[in-house]
Amino acid sequence: MGSYDPRHPPFFVLHSDGDNYGGGTDAYYHHNTGRLVEWLRTDPRFELSTVQDYLARFPPDTSRTVHIEPGSWSGADNGDPQFMKWFSRYRDAYSPDLNSWAVLTAFQNLVHSLEDVHPDAPSSKRLERLLLTAETSCYWYWTGQEVWDRQVTNAANLAASLVGSELEALADTDRSGPTIFPPWVTPENPGGLTWAEQGLRAAEAVGTVHTFVSDVAGVSSVTLVLRARGGEERLPMLDRGPYPSRTGAIRTAHYFTVELPPTLGDVRYFIEATDRRGNTTRGALERVYLA
């Protein structure tokens with residue numbers, strides 16, 4: 001770890017894993033974590049603090065920043081940058097995980113669009129609770145088991161039944177832009193080196209960007225905006241229709257893809273989607289390297 005720097009002392013984050021609740025039930029939170037905090041209070045080597053307070057007291061040295069690649073924790077198949085354990089292994093043409101993400105994307109758009117038009121609607125609180133329930137990661141972690149694969153669909157379908165005529169009216173009153181699912185790229189690093197090919201380029205593979213988009217008023221266009229070498233290029237994304245659901249979903253997002261042009265090098269990109277009422281949403285700025 002190098003020498004100790006009093007201007008930037010080590011900072012450790014306490015966390016609890018909800019999945020481990022079964023290992024000790026209430027004791028996991030109220031006893032084990034509580035005893036750990038008590039021990040830290042009595043040990044002069046440690047000081048309890050929040051992240052915000054730590055950064056305020058010890059501002060980072062911007063000349064010594066280090067990029068750490070994001071990814072899932074090591075316990076889940078040793079982790080990976082695209083969180084495949086909660087996403088999809090692409091083993092089959094149909095993916096239970098992708099189905100749930102497509103259903104959730106449409107569900108999010110429904111709830112947020114209703115909130116923008118009718119923030120005080122009687123159904124708002126119940127819709128919000130159903131949405132939060134549908135967003136728990138357990139439904140993706142335990143994929144491949146019908147009881148888990150149906151949970152997001154069950155919540156979304158119940159919400160759609162509660163909305164009723166309000167949903168039809170949204171087609172003419174919608175003020176929200178489309179909901180865009182964070183895009184993913186296959187292969188995940190088209191410009192990098194592959195382990196299987198012992199350091200060769202990724203089989204001259206063409207990178208493909210995928211996403212889900214949904215809007216209660218209907219989606220008019222989805223565009224991938226590339227920023228590379230000082231310029232900007234706009235690529236229309238192909239609408240492959242609603243993602244095919246096997247869980248009986250009433251509403252599911254449309255699946256969009258587009259191939260990335262090669263040899264652009266370091267590329268920043270984002271997705272822009274417009275609905276049939278002219279409302280536009282721009283996704284987060286992403287990054288990929290294209291050799």
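Shown here for segment 88-141: trypsin sites (Lys or Arg not before Pro) in loop regions (DSSP other than H, G, I, E, B) with at most 12 other Cβ atoms within 10 Å, namely Arg89, Arg91. The H on the amide N of Ser221, modeled in the peptide plane, is under 5 Å from the matching H of Thr274, each at least 5 residues off or on a different chain.
Multiplying each eigenvalue of the alpha-carbon gyration tensor of segment 84-173 by 5 and taking the square root yields semi-axes of 27, 13, 10 Å, largest first, rounded to whole angstroms. Full extension of the segment from Leu55 to Glu232, taken as 0.36 nm per residue of separation minus the current Cα-Cα distance, would add 60.1 nm.
Taking amide H atoms as placed 1.01 Å from N in the peptide plane, the amide H of Asp239 has no partner under 5 Å among residues 5 or more positions away or on other chains. Looking at segment 105-259 alone, DSSP beta bridges between its own residues are antiparallel in about 100 percent of cases.
Values in this text are rule-based calculations from the coordinates and carry no lab data. This one's a predicted model, so the numbers in the text were calculated from it and none came from an experiment. Cβ coordinates were reconstructed from backbone atoms using ideal geometry, including for glycine residues, and neighbour counts include every protein chain displayed.
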